[in-house]
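Notes follow the structure.
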Amino acid sequence: MKRRLVATLACRNQGTRLYGKPLQTLDIEKNISILEYMVSWIKTIPVVDETALAIAEGADNLSFADFAKKRDLSYVIGAEEDVLGRLIQCAEKCLATDILRLTTESPFTCFEAIVPSWERHVKGGYDFTCLDNVPDGCGFEMIKLDAFKYSHLNGDRRHRSELCSLYIRENKEKFKINYAEVPPDVRRIDLRLTVDYPEDLILCRAIYAHFKDKAPRIPVGDIIRFLDKNHGLKDLVDPFVAEGLKTMNL
């Protein structure tokens, strides 16, 4: 059976710190949202067979269904708190054998590592492959659908939350796990490239404005070098780095 990798993106607008994070704009003039940018760069990855949205229930989230329809993307609508269940539902609809998990408030992923990681994931028969120890928001996970189904069946409420790979990370002996090789120039857990606060959005907009000529494939290594020369931007989000580390690479 040919393996089929699908990027299943969990989407919801509710948020206590910043409303509608996936639909916040990186480029205000051209109305390019975080989600729009992500879908654009995912399309450039040859091993990803499809991108689909796992949308939370509720009227506030209907905009994601409209987004999917306009771009001919598959989508499902499911329980808001059961993020893991939504990802599974989405993967089943797309006939995926494996899920590429990315968070929809994090536009800048280390995309160059996806193809070699997938090749190793398949060849090694891994249940779970992850790219850790990179700036907050820049990593990714590849998970066999069967491993996520096992997690949903055997985990509890917190394992079905947005921390949907937590069961695997807490029960490593039950799964075959691969830690993807981290390029030296992106091994920087002192940086944060995810949008949870207004300051994060200011930072990501500044990055996009500087590198938009490279979009939709803006390398994280280039972003790191840019931030190392622009300490004022780094200082904006430094207060939130430690908080992000608490749930990163669990």
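We did not get these values from a lab; they are worked out from the coordinates using the rules stated. Computed from a prediction, not measured in an experiment: that's the story for all the values here. When we count neighbours, we look across all protein chains shown, and the Cβ atoms used for this are built from the backbone with ideal geometry, even at glycine.
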**Asked** Tally Lys and Arg at +1 and Asp and Glu at -1 over the other residues with C-beta under 13 Å from the C-beta of Ala59: what net charge comes out?
**Response** -3
**Fill in**
Summed over the other residues with a beta carbon less than 14 angstrom from that of Pro198, with K and R at +1 and D and E at -1, the charge totals 0
**Item:** Net charge, Arg4 excluded, C-beta distance under 10 Å - Lys, Arg +1, Asp, Glu -1
**Value:** -1
**Request:** Sticking with the crude label model, points 7 Å out along Cα→Cβ, report the distance from Glu173 to Lys93 in nm, one decimal please.
**Result:** 3.8
**Request:** Give me His159, His231 ranked fewest to most by other Cβ atoms within 10 Å of their Cβ, as a rough exposure proxy.
**Result:** His231, His159
**Cleavage-rule hits, trypsin sites (Lys or Arg not before Pro), the stretch 210-250, DSSP coil, Cβ neighbours within 10 Å at most 14** = Arg217, Lys229, Lys246
**Complete:** Put in order of increasing Cβ neighbours within 10 Å, starting from the fewest, Glu29, Glu36, Glu105 give Glu29, Glu36, Glu105
**Message:** Which entries of Lys21/Lys144; Lys30/Lys234; Lys69/Lys214; Lys93/Lys174 have Cα-Cα distances beyond 29 Å here?
**Reply:** none
**Request:** Give me the Debye-computed log₁₀ of I(q)/I(0) at q = 0.15, 0.19, 0.32 Å⁻¹ for the stretch 203-250, equal point scatterers on Cα only, no solvent, two decimals.
**Result:** -0.47, -0.71, -1.13
**Item:** From the C-alpha gyration tensor of the stretch 106-195, square roots of 5λ in Å
**Value:** 23, 17, 10
**Item:** Whole-Å distance, taken between Cα centres, linking the stretch 1-50 and the stretch 65-121
**Value:** 9
**Message:** One quarter of the convex hull surface, Cα atoms only: what value does that give for the stretch 1-132 in nm²?
**Reply:** 8.5
**Prompt:** By counting other Cβ atoms within 10 Å of each Cβ, how are Glu80, Glu119 ranked from fewest to most?
**Reply:** Glu119, Glu80
**Fill in**
Hull volume per residue for the chain, using the convex hull of the C-alpha atoms, in Å³ is 120
**Request:** Restricting to the chain, compute how many DSSP beta bridges are antiparallel as a %, nearest 5.
**Result:** 30
**Request:** Report the semi-axes of the equivalent ellipsoid for the stretch 8-72 in whole Å, largest first, where each axis is √(5λ) for an eigenvalue λ of the Cα gyration tensor.
**Result:** 20, 15, 11
